[in-house]
Structures are given as C-alpha cells and as structure tokens.
1. Need the C-alpha centroid separation for the range 214-263 versus the range 16-66, integer Å.
2. Could you sort 315-324, 270-279, 220-229, 97-106 so that the peptide with the highest average Cβ count within 10 Å comes first and the rest follow in order?
3. Neighbour counts of other C-beta atoms within 10 Å: give me Ser133, Ser15 arranged from fewest to most.
4. Does the range 263-393 classify as rounded, prolate or oblate by the C-alpha gyration tensor (a ≥ b ≥ c root eigenvalues; a/c under 1.5 gives rounded; else a/b over b/c gives prolate, otherwise oblate)?
5. Return Asp14, Asp332, Asp369, Asp213 ranked ascending by Cβ neighbour count within 10 Å, so the fewest neighbours appear first.
6. Normalise the Debye intensity by I(0) for the chain, one equal point scatterer per Cα, no solvent, then take log10 at q = 0.07, 0.09, 0.10, 0.11 Å⁻¹ and round to two decimals.
7. Post the alpha-carbon centroid distance, the range 335-396 to the range 119-186, in whole angstrom.
8. Would you please give the residues with an amide H less than 5 Å from that of Cys175, counting only those at least 5 places away or on a separate chain, with H modeled from the backbone geometry?
Amino acid sequence: MPEKKKPVKGRDYDSLSGADAVAFGMRQINPDVVAAFPITPQTEIMERFSQFYADGEVDSEMILVESEHSAMSAVVGAAAAGARAMTATAANGLALMWEIVYIAASTRLPIVMNVVNRALSGPINIHCDHSDSMGCRDSGWIQIYSENGQEAYENTIFAVKLGEHPKVRLPVMVCQDGFITSHSVEAVNFIHDSKVKKFVGEHKADFSLLDVDKPITLGPLDLFDYYFEHKRQQIEGMENARKAFLEVAKEFEKICGRKLEYFEKYKADDADYLIVVMSSTAGTAKEAVDKLRKEGKKVGLIKPRLFRPFPYEEIAKALEGKKAVAVMDRSDSFGAQGGPIFLEISTALFNSSKKPKLFSYIFGLGGRDTPMEDIEKVFNELMAGKLKQINYLGVR
C-alpha cells in the first residue's frame, strides 16, 4: 500500500481502507496497551497500528501473543492494572476469546475491541456475516456497528469514552463488515489529533492491581452468596450505557460535526414501509430507497448503530404506525423465530397498540452478495403483502 499523507488539519481527509481508518483512530487514542494476533480480515488493523508503533508515533506497549485467547487475556490483565487497553479480532478468533470475553465484561473493564465481522466456521469461510459478534450479544459487551470506514473510525474513538464512563465501565465492541468495509478504500474525514486527545482524556481507572496502598482482588470465586448481586450491578452498567451513549454523543458532536444517535433514520418518518438493517448493507438500502422514492413509493430505512444495549423504546416509536417492516439479519438464530435483530424488535413492539406487520429476512451469510435489486425485492414484497414470517434472501 502506498504511504498515506497524515491528516493534520481540523477536518482533513484521506482515502484509505476501513481497517486503516480504525488503526489511525487507535494512533490518535494512543492506548497504553495493545494486544495483537492476526486473523483475516482483521489483520490489516494491527498491521497498520504496528507500523505506527514501529515509527514511534504511539507510546503504547504492543504485545504480540500466540492466540486470540491470549490477546483478550493480555488486555484484561492490562486493564485490571489500570491501563487503557485495546485489541481487535474476527470470527474464529473471537470464538477462541469466548471465556475471557465474559470475564472482561463481568470484571467491568472498559476495553475497546474492533471486530471485523466474518462468518463463524464451519464450514470455513473468511467473508462477512454477523454470526461472530451476534454470538457475543449476551456476553455483557456494548456493541456498536459501522456502515463504512468513516463510522468505524468515529465509533472507535467514541467507544473509548463510552466504555470508560463512570456509570458504565464496560468493554465495547466496534464492528465493521469484513472485506466489504475493512478492505474497501474510500475517503475518510479525520478529526485533529489534539481534539481526539482532549476528547478521550487521560484514563483514570477506579481500581488498579498495581495500587499497593489500596489492594484489591479481581476474578475471585464468587458463589451464590454474591454472584447474583454482581450480575445485577453489571446489568445496571449496561442500562446506564443507554443514557451515557447520548451524553457522550453530545460531546463527540463538538469535535466530529455529526450527531451520533442510537440509529439512523433515512427517509423513515413519512414512510409506510421500512427496512431495518445495519452495517454496510444500509448503504445499499439507501440507494434502493432513493430509487423507489423517485417512483413514488413511500419507503424508508432504519439503520441501528447501537445494538447493545438495545434502544427498545426509541426503536418502537420509530416503527409504530408503519404498514410493514422487514428486519434484515446477516446472521441467524438457530431454533428461534427469526434473526437476532428481528427478535429484539419483536420484543420492542410487543406491547405496542400500533405495531406494524413485522417480517424477518436472513441474508448475506458467508459473504453472499446482496445487490440493490435484492433490497428492492424486499420492499416490493412488503408492499405486496405476501410474505412468510421468516424469509431467506438470496439463497439458492
């Protein structure tokens, strides 16, 4: 890859991949500890960050480990010692971290991990779907999803402040679609280094294993006498993240120039028919919405950004009164009635007296392409009203 110019002025920009954009954001954050292990299609993030490290552009301690399990273990140890810690992974690597992913959340460590979404084996597949991060949806991590490289960059910086919020103190996954955005090159607007530094501030841990004057124990045996209470505290931290998201978004808007919300509404307010879809497919869906709007069809899009904690009340309000809504999931929930996002939205609308007809679409598994024509097909099927409850888009 040719050497990039360094964006240094206010809202300078460069053309680079979504993975490189994330690495650039990490350089600006300048975390204390970064643990790295390669896995396609995440590898480019750590390759680029390691170059910043080798060039002396960060003060980070970079730890090269022998597995993803070790990567998560390393950042858990670092965060427990009071450090600001980050890592990145994908698919089977995230699965190998599984045990420690839960420990990171239950120990209330505000680690930021970029997940470049990839199908979880088997069969072996290196392309995009959301089965990896969706498998972690009940692990206690905040989850934020990115439509493009710009959002992946911004979400990475935003996640640091959100996870470290004093009423939250939880780890955050920042997700982007493998290859589709991680390796696609597009223009990315950058925030000035000094503004990012001021926004994230200095990391101040509540407790540190290195503070000999205030000794603590982390990871103890926690039986029925206190385990339930500790889980309840963790739940409260996740609940607090909803309000904290909006607080941090107001502060972030001052340096970013854009308002970050739970979800984006695209021509949705006056629409009769909506699609709900997140990450890169939302970009395709916007094109389909524009085309159908020119034909006089009242269609629109809801693109979730925050998936955990899920914004139930706000989503329900946005969908109430619509004629029909298709919820598109790039992963399936085996044995359940629809994909993960569909199940959450079904819950959100459960008590609504103005609920629309709701349909589940599973699409794009293993990286299967979803062209604009497929999105148009979904809208046309919604408007025709002849649908099964669960539909599979683009499968032979």
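1. With the range 214-263 and the range 16-66 each reduced to a Cα centre, they are spaced 25 Å.
2. Working: 315-324: 17.3, 270-279: 22.8, 220-229: 8.8, 97-106: 19.8.
Answer by packing, highest mean first, reads 270-279, 97-106, 315-324, 220-229.
3. Details: Ser133 30, Ser15 11.
In increasing order of surrounding Cβ atoms, one gets Ser15, Ser133.
4. On the way: a/c = 1.35, a/b = 1.07, b/c = 1.26.
Judged from the Cα gyration tensor, the range 263-393 comes out rounded (a/c under 1.5).
5. Details: Asp14 16, Asp332 21, Asp369 11, Asp213 4.
Listed from fewest to most nearby Cβ atoms, that is Asp213, Asp369, Asp14, Asp332.
6. These q points yield log10 I(q)/I(0) values of -0.31, -0.52, -0.64, -0.78.
7. Computed from Cα coordinates, the inter-centre distance equals 22 Å.
8. Val115, Ile144, Tyr145, Ser146
Every read-out reported here was derived from the displayed coordinates using simple, explicitly stated rules and does not represent laboratory data. Not measured: the values here are computed from a predicted model. Because the Cβ atoms are built from the backbone with ideal geometry, glycine has one as well, and the counts that use them run over all protein chains shown.
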